[in-house]
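Structure first, then comments.
Derivation of every value follows stated rules applied to the coordinates shown; laboratory data play no part. Small disclaimer: the values here were computed from a predicted structure and weren't measured. Using ideal geometry, Cβ is built from the backbone for each residue, glycine included, and neighbour counts are taken over all protein chains shown.
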Amino acid sequence: MIRIAHISDLHVLSRTVAQWRRIVFNKRLTGYANLVLHRGRVHRRDYLITVLDAAVAHADHLVVTGDITNLALEHEYEEAVALLDRAARQTEVTVVPGNHDIYLYATHRERRFPHHFDRFIQSDLPRLARDLPAGRFPCVKLRRGVAIIALSSGVPRPPFINAGYLGHAQLAAFEAVLTHPEVQRRTPIVLVHHPPVDTRSRLVQLRDGLVDAAELQKAMAQLTRGVVLFGHLHIRVRCGLRTDSATLDVIGASGAALDHPDRSVRAGFNLYEIEEDGRLVSVKAHVVDPMLASSLQVTDIVEGPCA
Ligand SMILES: [Fe+2]
Ligand SMILES: [Fe+2]
């Protein structure tokens, strides 16, 4: 049995006055407004620490589906890496970038994400990875009955656009990964920040979704089993994705530091148990108890449209 804990959207914050000058003079202004109006109001660092500590205590592997930082500031990268290094002392950690981690064209160009997070994206099949500005993806980790496959959908966008994109090169590499014998004899666990299944209008998808979700689905059409994990929407939800011969589990995680009355949104982690033969036998959420921030309640994950 392997136990995988899934967290997402940590949005590690930096609100130091020293950053103000940079914030007001560039695109980060929109992100900062977002933070002040929405995210800052509900972001609880104590929740984040509770969630991280509990997740590593429960899991053999911690996967983080992006938006690890809030504005991709160096400060935030450093703090996020420190948190994940602490987690990695107890369990293995794998990450993918979110749109907030690749916030500006300069962040992308200067490869700040792989600079900081490289240690968490070391692939067992490095020759099948593509060299992207967000790092070398797909990153594959072969562990007992599972093949964890991390994809990067984080790309810089103009203000108010949060959409993700995998791109042809990465998708072709992903298809090659899925045909590798070491992957084929395991259950693929795909990590991607943006929702791989989206019922919203095409316009909304182009603004906030995974632009090439259809191509991703096509790449997985031959799969007879598998799980796709995502974040971005800050909601804990479970749905299915039909392939040619099976239905894959698609599961979203909420924001790992969010306070919210709705327990599908409130901070927590998802825990998946997968047997040696690759069967997903348990899916549970561990959600922060608002009455006692240091404890978590175990619940099922509500089924519904993933996006
Ligand atoms: Fe997010
Ligand atoms: Fe996001």
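Computed values, structure above
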{"quantity": "Normalised contact order of the stretch 61-193, rounded percent, pairs of Cα under 8 Å and 6 or more residues apart", "calculated": "25 percent"}
{"quantity": "Normalised contact order of the chain, rounded percent, pairs of Cα under 8 Å and 6 or more residues apart", "calculated": "20 percent"}
{"quantity": "In Hz, Karplus ³J(HN,Hα) per residue of the stretch 279-292 (6.51, -1.76, 1.60; θ = phi - 60°; x = Gly, Pro)", "calculated": "7, 7, 9, 8, 10, 9, 10, 10, 10, 4, 7, x, 7, 8"}
{"quantity": "Residues 266, 200 arranged by fewest to most Cβ contacts within 10 Å", "calculated": "200, 266"}
{"quantity": "Cut-off under 5 Å, modelled amide H: who pairs with residue 228 long-range", "calculated": "190, 249, 250, 251"}
{"quantity": "Rounded to whole Hz, the Karplus (6.51, -1.76, 1.60) HN-Hα couplings of the stretch 265-273, x for glycine and proline", "calculated": "10, 4, 3, x, 9, 9, 10, 10, 10"}
{"quantity": "Dipole magnitude (debye, nearest 20) for the chain, charges at Cβ of Lys, Arg, Asp, Glu", "calculated": "660 debye"}
{"quantity": "Cysteines in the chain that, by Cβ-Cβ distance, have no pairing candidate under 4.7 Å", "calculated": "139"}
{"quantity": "Per-peptide average of other Cβ atoms within 10 Å, ordering 81-89, 98-106 highest first", "calculated": "98-106, 81-89"}
{"quantity": "Dmax and Rg, reported as Rg then Dmax, of the stretch 41-198 (C-alpha, Å)", "calculated": "15.4, 48"}
{"quantity": "Value of relative contact order over the stretch 190-307, rounded to a whole percent, pairs C-alpha under 8 Å and six or more apart", "calculated": "23 percent"}
{"quantity": "For 206, 73, order by how many other beta-carbon atoms lie within 10 Å, fewest first", "calculated": "206, 73"}
{"quantity": "For residue 12, residues with placed amide H under 5 Å, excluding near neighbours", "calculated": "69, 70"}
{"quantity": "Rounded to 5, the percent of DSSP beta bridges in the stretch 168-272 classed as antiparallel", "calculated": "45 percent"}
{"quantity": "Surface/4 estimate of mean projected area, convex hull on alpha-carbon atoms of the stretch 219-265, nm²", "calculated": "3.5 nm²"}
{"quantity": "Kirkwood Rh in Å, taken over all unlike Cα pairs in the stretch 117-233", "calculated": "14.5 Å"}
{"quantity": "Cα-based radius of gyration of the chain once divided by 2.2 N^0.38 Å, which approximates compact folds", "calculated": "0.92"}
{"quantity": "Rounded to 5, the percent of DSSP beta bridges in the chain classed as antiparallel", "calculated": "55 percent"}
{"quantity": "Label-point separation, residue 184 to residue 88 (7 Å along Cα→Cβ), nm", "calculated": "3.3 nm"}
